[in-house]
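What follows is a set of notes on a single structure, which appears directly below.
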Amino acid sequence: MTNLVGQSLGRYHILEQLGEGGMATVYKAYDTRLETDVAVKVIRTENLTMATMERALKRFEREAKALARLTHPNIVKVTDFGEHDDKPYLVMIYLPGGTLKQRLGKPIPWQATARLLIPIAEALDFAHSQNMIHRDVKPSNILLTQRGQPMLTDFGIAKILDLEETADLTGTGMGIGTPEYMAPEQWTGKTSAFSDQYALGVVLYEMLTGRKPYSADTPAAILLKQATEPLPRPSQFTRDLPEKVEKILLKVLARNPEDRHAGMAEFAKALESAASGQQPPASEQTPKRKTTSPRPKIEEKSRPEPIEAVNAHDTQATVDQQWEDLTEKAPPISHLPRSVTNSPDIFGFWPIELIGMGVVILGLTVALIASYLGW
């Protein structure tokens, strides 16, 4: 691609080249109208044919307008777009802090790693809510402000060039993403929000261990490793890595998209929990049964039958049922022996019962005498 340093793209005068990749070249430029520095990303089109050029330019204009409407504190804002010699370009704010890629090479403490990637996960969650997928999340697309605040850039660049004719897995991977950060399903064109989650998981893995989970000389070799080799355990490269952090990686880098987090918001919460030392989100914990306060103890002498032991994990409904069963088995007071009541009696009978019996006997006697005398 021709070096544009010293040239002007409309009102933007190119000052220096900041970086170059398979899909675009980034320049620092001076906005002569607003009198401020900006970043200009010029899309590479040399691999496009004349037949696909028109389609790519139309798609670029559509995506550029959508990107300009994407406003989030951790997404680099697109302020303008244009075309120069059939080369489309995007204009963005200039961030002098460099990229995350420039900070990699050795393991970064997991607490600092989690804090840095939480804003990126939240930015991706916002973009997904706007039906926008990044498709190329990687360290070079995470910029840093002078205060070290992470900013995600290059939304939609891969989609602009994602034409059937450019999807060459044996070449540079142009138009489909960056091979080492691509989810397994992305190789077959089934890109989704889960693909961005996987790519950010690779970034997390690289920050924690200082290496990528799968590396090879060609994209096809990387794909083969993804499909046949288990994920290298991060703890073998980083000592004292908490198990909860390793489990986050195992989940987000699962081969099956359905085995990953339900969304970027859930991934962000998992990182927050790890950074703060809290328990994982409720969605990742095994549901616990409710515990209840034990009922007051019943004195042994008033229990007709012993209560069966109640397991501490039984629910309130189970405890209540056992309590009802117990009370149903207990005989009513009226059926208990007289001695249980501790009430005074005479030979086991109540006084009032004796009087009643005397009256009955007296009545029978009077009736027999009256019958005999003919009254």
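Each value in this text was obtained by applying a stated rule to the coordinates, not by laboratory testing. Because the structure is predicted, anything quoted here is derived from the model rather than measured.
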What is the set of long-range amide H partners of L18 at a cut-off below 5 Å, with H atoms built 1.01 Å from backbone N?
V26, Y27, K28
Which residues qualify? For D80, with a placed amide H closer than 5 Å and at least 5 residues away or on another chain, they are V91
In the structure displayed, which of K41/K244; K190/K247; K77/K212 lie more than 32 Å apart, Cα to Cα?
K41/K244
Hey, what do the phi angles of region 241-249 turn into as Karplus ³J(HN,Hα) couplings, whole Hz, using 6.51/-1.76/1.60 and θ = phi - 60°, x for Gly and Pro?
6, x, 4, 5, 6, 4, 5, 4, 5
Contour excess over end-to-end distance, with Cα ends at Q102 and E258 and 0.36 nm allotted per residue
52.9 nm
